[in-house]
1. Sorted by packing (mean other beta-carbon atoms within 10 Å per residue), highest first, where do B:114-125, B:53-64, A:108-119, B:82-93 land?
2. Karplus couplings for segment A:234-246 from phi (6.51 cos²θ - 1.76 cosθ + 1.60, θ = phi - 60°), rounded to Hz, Gly and Pro as x?
3. For chain A, build the charge dipole from Cβ charges (+1 Lys, Arg; -1 Asp, Glu) around the Cα centre, then report which of A:142, A:34, A:200 sits farthest towards its positive end.
4. If amide hydrogens are placed 1.01 Å from N in the peptide plane, which non-local residues have theirs closer than 5 Å to the one on residue B:42?
5. Please work out the C-alpha center-to-center distance from segment A:36-100 to segment B:175-230 and express it in whole Å.
6. Using Cα pairs closer than 8 Å and at least 6 residues apart in sequence, work out the relative contact order for chain B, in percent.
7. In the calculated pair distance distribution of segment B:1-151, what percentage of Cα-Cα distances lie above 22 Å?
8. What number, rounded to the nearest 500 deg cm²/dmol, is the helix-based mean residue ellipticity at 222 nm of chain A, given -39500 (n - 2.57) per DSSP H run of at least four residues and division by all its residues?
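Each value in this text was obtained by applying a stated rule to the coordinates, not by laboratory testing. Treat the numbers as computed from the prediction; the structure is a model and nothing was measured. Quick reminder, even Gly has a Cβ in these numbers, built from the backbone with ideal geometry, and neighbours come from all protein chains shown.
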Amino acid sequence: MENKSALWRWIKGSRVYKSIFRHGYEDTKKNRILQIRSNVFLHIHPVKIPDHAYRIRFTWCMGGITFFLFLVEVMTGAFLMFYYTPTPEQAYRDMLYLRYDVPFGMILRNMHRWAAHLMIFTIILHMLRVFLTGSYKPPREFNWVIGVTLLVITLLLSFTGYLLPWDQLSYWAITVATNMIGAMPFIGHEGPLSLLDRYHDIRFLILGGSEIGSNALLRFYVMHIIVLPVTGMIFMAVHFWRVRKDGISRPL
Amino acid sequence: MAYQDHSKKRYTWPDLVVIEFLTAVALTIILLVWALLVNAPLLEVANPGMSENPSKAPWYFVGLQELLVYFDPWIAGVMIPFIIIVSLVMIPYLDNNPRGIGHYTYSQRRFAVTHFIIGFSMWWILIGIGYFLRGPNWQFYWPWESWGAVKGVEEHLWSPPPWAGVTGLIAYLTLGMILPAIIQRGLYRRFGTFRYIIVMSILLMMYLVPIKILLRLLFHIRYILVTRWFNI
């Protein structure tokens, strides 16, 4: 563009601008490379990738979509945390507060909920496509293992989040699920060959009590907002790193 | 190797980044519209004294909940998910077929694709039944049936005596282990003894699930094996 104003030229020539934007934007080979190489976020990509990696019929784009949904969950989740107190007295009231009083509160909660459901669905589809294209075969075996770990973490995230609204739906769904945990062999009080009573078993450890109460809510909350997301992010970093190193699978 | 081959590559800027950006925009719009149209469920405040009937797990766990009809909780809720996850983790190390990387193929990977798809479908079928076809007291209701119509008490169930159960299970496992090796020599040779035993153990356990379901539905069998400590 020729008719740039003097002001624009001055800005682009200034030390401040140059310290932030390290290269030009003209469509040149060099800039296309620098655009990726000199940006910490875009640097997750290689500078070039093979043609077939662009084909949606091959990739289904499900891994990327899952990651994007995770970001949606982080953002909507952070906003929800402003309005939520993890106590049995307050939690449900906060749900009503979100529904009736908080501006855009219901959209916020809806988005968090639906993106979570969608995320599990897209992970499963991602796993299916990675299986069907044999992309877990050498040298990518370990990244499949990381992927299964991420699936488990996502399921645990959904599971812990499910209790937080503290309504009948969450209370009884978590009751069903934690009763199953109490049926673990050896370490659950209702399981076969049980060694422990209901006050010392694995279910007690998870709930922080023999019943679902304020301790359980707090434990699920802390797992949901800190422990599991951070663990997930660490595994995601490894997952993406290994995709970057091994490249997308292609026929030999 | 993917990275030695420089033929037919494209710059990721802007080609890929644009696709990612547009996907993100489209997804944001979809989620916004979805969130505007459908409210996340919220029932009455949690009440430990009054249980929901039926109280269903979220859809992705409903498959396991459906299995509770046929298995004791320690199998449906603990052993089966544990075995599924461990098996998934082991897939890349068990599958020693070098063919079919980076493209969709059935002919080059018949064994792997067939059994994975069957297991994958079972998961979804169980979810479908649990989510859409179960009503109060986890009774079976067709979509057009009203939940108001009370379903009769469960049919009379029986379990074979322990010796029959043990014989049946041992016969199933032995035949399941030996027959494929005889019928499909190539498969056995490709896997080798150790890998073959692990793969077949996983598959025999997987197929035991629909077998048990059918035994229950057709012959009203409650447990295949009854012992003092646990029932299968």
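1. On the way: B:114-125: 14.0, B:53-64: 19.1, A:108-119: 21.7, B:82-93: 16.6.
Top to bottom by mean Cβ count within 10 Å: A:108-119, B:53-64, B:82-93, B:114-125.
2. Result, rounded to whole Hz: 5, 5, 4, 4, 5, 4, 5, 4, 6, 4, 4, 6, 8.
3. Among A:142, A:34, A:200, the one farthest towards the positive end of the dipole of chain A is A:34.
4. Here nothing satisfies the definition.
5. Here the answer is 41 Å between Cα centres.
6. Values: 131 pairs, mean separation 52.2, N = 232.
Normalised by residue count, the contact order of chain B is 22 percent.
7. On the way: 7644 of 11325 pairs.
Here the long-distance tail beyond 22 Å is 67 percent of all Cα pairs in segment B:1-151.
8. On the way: 12 runs with 157 residues, N = 252.
Counting only the DSSP helices, I get -20000 deg cm²/dmol.
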